[in-house]
Every structure is written in structure tokens, then in C-alpha cells.
Amino acid sequence: MNIQINNKSFQIFSGAKVIDAVRMYFTEIGKDFEIDKIVVEDKFGNRLEFDGRLRNNKSLFIKF
Amino acid sequence: MNIKKTYRLFFSIAIILAIFQTYSCKPKVEEENKKVVILAVNDMHANIDNFPRFAFIVDSLREIYPDLLLVSAGDNQSGNPANDQYPQKGMPITELMNMIKFDVCAVGNHEFDTKQDGFKYIIDNSKFDYISANIKPSSNLGLNIKPFKTIKMPNGLKIAFTSVISLNENGIPDSHPNNLTDIKFTDPFSTAKDYLYLKDEHDLLIFVNHFGFEEDVELAEQFPKGKVDLIIGGHSHTVVEKEQIFNDILITQAGNKLKYCTLIELEVEKDYSVKKSMKLIPINKNGEMLAEFQEKVDEYNDSPFLNEKIAEAEDDFTSYEQVGYLMGDALRLNLNTDIAVVNPGGVRIDKLDKGDINVRDVYSMDPFGNEAVIFNLTGNEIKAMYLSAFTIDEYLPIYPSGIKVKYILKDKKTIKDVIFYTESGEDLDMEKTYSVAMNNYMASVYNYEHADPGTGQFVTTAENMIDYLKNLGTVPSYKNEKRVELK
């Protein structure tokens, strides 16, 4: 499925969770991350738990 | 009044004051206005360890609101072996929900993890109703899922609760298709509209959805104004801290795993307009607990079934490699793929004694809660994956099943080439496409070109292993297994 992370498009496996998207994002930008130091939000500014399931065309905003 | 009751009363008053602070300028509540107070949770995922603290909060609030309604937006199940591997799967969280007296529960996708007969058992032994308007099980399954539920409050308010569940691109909830046979699912958006008539017969219409927050917003915006008062949400594990109102509909969600609950107040005024407010309440790890619930949770956690034998190992396992091969075989053979791969970091023990293997052993081997994902990859794509993985896996080899692999190294940290063979030692056809099972960690961190984005199997690799071992019975020796060569 297709998702947007920080306004960048990614293709990820169906059934993926927020944590999978986070890992993919940090792999793409070539940085390590500490899970306690990042926050993931939806387009409404609500915080997302890391094991929330993603849907096609979902937008995530990772703050670190 | 004893000290504990006093504490509970102060706690409850603090919550109420927090809700009412936004209404300090509003007119005094008149007798004709009628209120309902609801405490909502979602996606508890069998976190029974936090239930005693949640129970304390419920008990405290009931001191102030004796008619408090308790609602779950689904996914009570899956996430804790003490619950998921219980002899009657799923009953620990269900029994706790019965004890605290839930009123109504939406069906979440993980309710189907116990399979059709397991879910039937749970429904039949729940003292609350399961609701969903877009799930249509065949009558032969005996799944008593109601499309809606009416609750008449002591103050006369008549409330309708209904629900829709999210469907994925295959038109089913996120669960293994085998768990969903003989069950039809209708489009949640159109089905939801079929139940708007309930508002004409009730004072309040509340959706308790397992749909995702953004989808709840989309749904809310499609409803005619004034028909729906509240959407209590789940599935996306969204932490809704501030009031979110769309098309005059309050939409809530309380994260997951009983880390939060949402206290919601709906007040129906004389002109039938509805005032809405919510407060997200954290369920802190250091919070006060109800002792009777803690005793029950301790029983579940100490249950002997976690130590019961599920298979027997013919020989000792004496290395991460041997355990990794077993984990790979469990993936490949149970999920019926051509190949499986296990990352070295995903194998947490290098020793498993000959003899009985139990559920606890599996979770010590594979404790991360990773889920299985299947890709269709060509031999060349598999090679690209291996090349990508080497640095990420700190220069340790991947443990394969269904193939053999030779790493040709320039030095300890640099691969020159990777060569693949079939199990019988022939060269692997690199142009051919193979089904490859792996965990979701590998699926998301390995960065390589591949056409198929992959398909999640909605089963953890640990649960898959338990299933595999139960079917296998006797685990052969892996002492002489050599599938990886580093040259």
C-alpha cells in the first residue's frame, strides 16, 4: 500500500503498522532513531501509537 | 467513609471538575436536561496487567455516576500470551470485562483471531453484547453479533449503539482469511447510513466503530447533520487528547493497551440538542488498583498452561543458528512458502534443551511480537535483500529455510557476492519468483529494489511457531544443519 511520511511517498506491505513505517522512513533517510524520542501524528495532530495499523493513502508526520 | 473510598471520591471529583471547567459559563443544568456518561476504551489487546488500574478508575467513577456506561471499541484480544494461549483462548480479558460489567463492545478485527468457534465461545460467555452492522456471519456459525443495541437509561434517555468495522483492500477485516470463512462483510460507509433511522427512535445515536480515526472523520462528514451524536473509535490506536468535532459529531479514541480511557458526557437539552464533552484519562502504571482484579490477573499470569509441553525436541539446540533455522522452518512450512528468512537479531536464545518445549520457550526465542509478512521475490531480488541486510544485521548472516546460501566476503564487513542454492545443492534459478516469508521488522528495514510490496499475514511469528510446533510434535535435531557458509 501507499503511505505518506512527512509528505514523502512510500510503498509498504499491506498490514503494516506505524512502527514499520517509522523504520522504513529512518532507513530511507539513513539515520538511527530512539523510539522514546519520536512522536508520530496523523494529519489532525493526534498522536499515534506505534502498533497502530496503517491504511492505504494514510499520512503520517514523524517528529524527532 | 473509609480512606480508599474517600480517595476514589476525590479522584472522581477531580475528573468531573476537569470536564466541567470548559462549561463554567454555561447555564445551570436543569432537571429537564438528561445526561449520559460513558467510559470508553479501545484496542485493549489483552493487556490484562493494566486492568486492575482501569477497574479502579471505573469503580471510582461509578461512585459519582452510578449509571456510567462502559464501552469497548473492539480488539479486546491478541497481544498477550497469558490471554492468547489460554486453554480457552481469549477468556482472561473477557472474564475481566465481565467482572467490571462492560455494557457493549464493537467487533474488532482481532476478535477473529480466536477463529470462528473461539469467537463464538467468547460471545456466548460475555455478559455484554457484541455489535457490528456490517458483519454478516452465516447462521451455522452461531455468532450472536447484533447490528445495534438499545440501552434505556434510568433517567429515561434511550440510546442506540451501532458499529462498523474497517475492511481492507480485499474487502475483509485485517485478519487471516481462514478466520473469516462463512462471514460476509458489507461496505461500512453505506451500511452505516442504513442505521441512521435509529436516531428517529432514540434520543441519542452513538457509533462504536473499529474503523480508524481518519475513517471515522470521513464517515462523520457523510452523515446528515443531527443524526449521529458521537463516534467512539478504535483500530488506528490514535490518542485523541483534545475534543475533535466533525459535522457536529464528537469523535474519540483512547490509544491502545489500556494506557488510556475516554470519559464522555452527552447532555440532551430540552430542545433535543446535545452538548458533548470528553476527557482522556491516562491509566498510569503506578495507579491505584482494585485487589480482586489483581488477584485474577495474577492467576492468569501464573497459569500452568504456559509451561505445558507443546512439542518435544529430540536434541539440544546449542547455537543461535540452529534456533534460527527452526524459526525459519516454522515460517516456511506453516505458511506454505518456498523460502523463509529470519534475521539474526530476531533470535533471542542460543540454547534450548532436549525434551519438552513449552509456550514460554517460544516467547523467549521470539519475544518481539513481530508479525509474518510474505513477499513474492525473484532470486535476484532475494540477493539484493541479502546485500542490503548485511550491514543492518551487523555483518551477521540471515538464517534461511528452503535454500542454502554462500556469502563470499572481502573482509568481515564487506560482501563480494552471495550465491544461492536449492536445498539439494543446485544453483537457485535467480530469474524465478519465490514466495518468501519473513517478519515485519525485516520487511521494513531492508532497503532494496523489489516489485512486490508484501502482504501481512496478521499472525505473529511466535503464534505461528506455537501452531507449527503443536502440529509437528517432535522437533528433529538441527545439530548437523548447515545452510549458511561464509567464505
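The values are calculated or read from the model by the stated rules, or taken from the named source; none is laboratory data. Computed from a predicted model, the values in this text were never measured in an experiment. FYI the Cβ positions are ideal-geometry reconstructions off the backbone, even for glycines, and counts take in every protein chain you see.
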For this session: Would you point out the residue of region B:136-150, among those that are more than 18 Å from B:THR181 (Cα to Cα) and either polar (S, T, N, Q) or in contact with a helix residue (DSSP H, G or I) (Cβ under 8 Å, 6 or more places away or on another chain) (or both), that is surrounded by the most Cβ atoms within 10 Å (Cβ to Cβ)?
Result: B:PHE148
Problem set entry | Candidate set: region A:44-55, residues that are at the interface with another protein chain (Cβ under 7 Å from one of its Cβ atoms) and in a loop (DSSP other than H, G, I, E, B); chosen: the one farthest from B:THR238 (Cα to Cα) | A:ARG55
For this session: Filter region B:349-368 down to residues that are assigned to a loop (DSSP other than H, G, I, E, B) and closer than 20 Å to B:TYR478 by Cα and give me whichever is farthest from the other protein chains (Cβ to nearest Cβ).
Result: B:LYS354
Exercise. Would you call A:PHE33 touching a helix residue (DSSP H, G or I) at 6+ places or on another chain (Cβ under 9 Å), surrounded by 15 or more Cβ atoms within 10 Å (Cβ to Cβ), within 9 Å of chain B (Cβ to nearest Cβ) and assigned to a loop (DSSP other than H, G, I, E, B)?
Worked result: no
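Residue-by-condition table, conditions (1) more than 13 Å from chain A (Cβ to nearest Cβ); (2) part of a loop (DSSP other than H, G, I, E, B):
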site	(1), (2)
B:LEU196	yes, yes
B:GLU215	no, no
B:ILE231	yes, no
B:GLU241	no, yes
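Are any of the residues in region B:105-116 in a loop (DSSP other than H, G, I, E, B) and farther than 19 Å from B:ILE172 by Cα? Spell out how you get there, then give the answer.
From region B:105-116, those in a loop (DSSP other than H, G, I, E, B) are B:107-108; that's our starting set.
Filter once more, so that each one left must be farther than 19 Å from B:ILE172 by Cα: none.
No, region B:105-116 contains no residue that is in a loop (DSSP other than H, G, I, E, B) and farther than 19 Å from B:ILE172 by Cα.
Name the residues in region B:405-452 that are within 14 Å of chain A (Cβ to nearest Cβ) and free of Cβ contacts under 8 Å to residues at least 40 places away in the same chain, would you?
B:SER444
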For this session: For region B:472-481, state whether one or more residues are in the same structural domain as B:LYS354 (by TED's automatic domain parsing), free of Cβ contacts under 8 Å to residues at least 24 places away in the same chain and more than 32 Å from the chain's Cα centre (by Cα).
Result: yes
For this session: Scan region B:163-189 residue by residue and report those that are among the β-branched types (Val, Ile, Thr), away from chain A (no Cβ under 14 Å) and either in contact with a Cys (Cβ under 6 Å, 6 or more places away or on another chain) or outside any loop (DSSP other than H, G, I, E, B) (or both).
Result: B:ILE183
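Only one residue in B:ALA133, B:ALA160, B:ALA192 is of a type outside the set (Lys, Arg), modelled with pLDDT of 95 or more, in a strand (DSSP E or B) and buried (at least 20 other Cβ atoms within 10 Å of the Cβ), so which one is that?
Details: B:ALA133 fails: in a strand (DSSP E or B); B:ALA192 fails: in a strand (DSSP E or B).
On inspection, the qualifying residue turns out to be B:ALA160.
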For this session: Name every residue in region B:38-84 that is touching a Phe, Trp or Tyr at 6+ places or on another chain (Cβ under 7 Å) and assigned to a loop (DSSP other than H, G, I, E, B), in order of residue number.
Result: none
Problem set entry | Verdict on A:ILE38 being more than 7 Å from every other protein chain (Cβ to nearest Cβ), buried (at least 16 other Cβ atoms within 10 Å of the Cβ) and either touching a strand residue (DSSP E or B) at 6+ places or on another chain (Cβ under 7 Å) or under 20 Å from B:GLU215 (Cα atoms) (or both) | no
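Kindly indicate which of B:ILE122, B:ILE93, B:ILE100, B:ILE131 is over 19 Å from the mean Cα position of the chain (by Cα) and β-branched (Val, Ile, Thr). Even if it seems obvious, please write down each step before you answer.
Working: B:ILE122 fails: over 19 Å from the mean Cα position of the chain (by Cα); B:ILE93 fails: over 19 Å from the mean Cα position of the chain (by Cα); B:ILE131 fails: over 19 Å from the mean Cα position of the chain (by Cα).
None of the others qualify; the one that does is B:ILE100.
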Problem set entry | Per-region count, region A:3-13, residues within 9 Å of chain B (Cβ to nearest Cβ) and either touching a residue at least 24 places away in the same chain (Cβ under 8 Å) or charged (D, E, K, R) (or both) | 1
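Specify which of the listed residues (B:GLY142, B:GLY108, B:GLY118, B:GLY90) is free of Cβ contacts under 8 Å to residues at least 60 places away in the same chain, small (Gly, Ala, Ser) and within 25 Å of B:PHE54 (Cα to Cα). Quick ask: steps written out before the conclusion?
Details: B:GLY142 fails: within 25 Å of B:PHE54 (Cα to Cα); B:GLY108 fails: free of Cβ contacts under 8 Å to residues at least 60 places away in the same chain; B:GLY118 fails: within 25 Å of B:PHE54 (Cα to Cα).
Going through B:GLY142, B:GLY108, B:GLY118, B:GLY90 in turn, just one is free of Cβ contacts under 8 Å to residues at least 60 places away in the same chain, small (Gly, Ala, Ser) and within 25 Å of B:PHE54 (Cα to Cα): B:GLY90.
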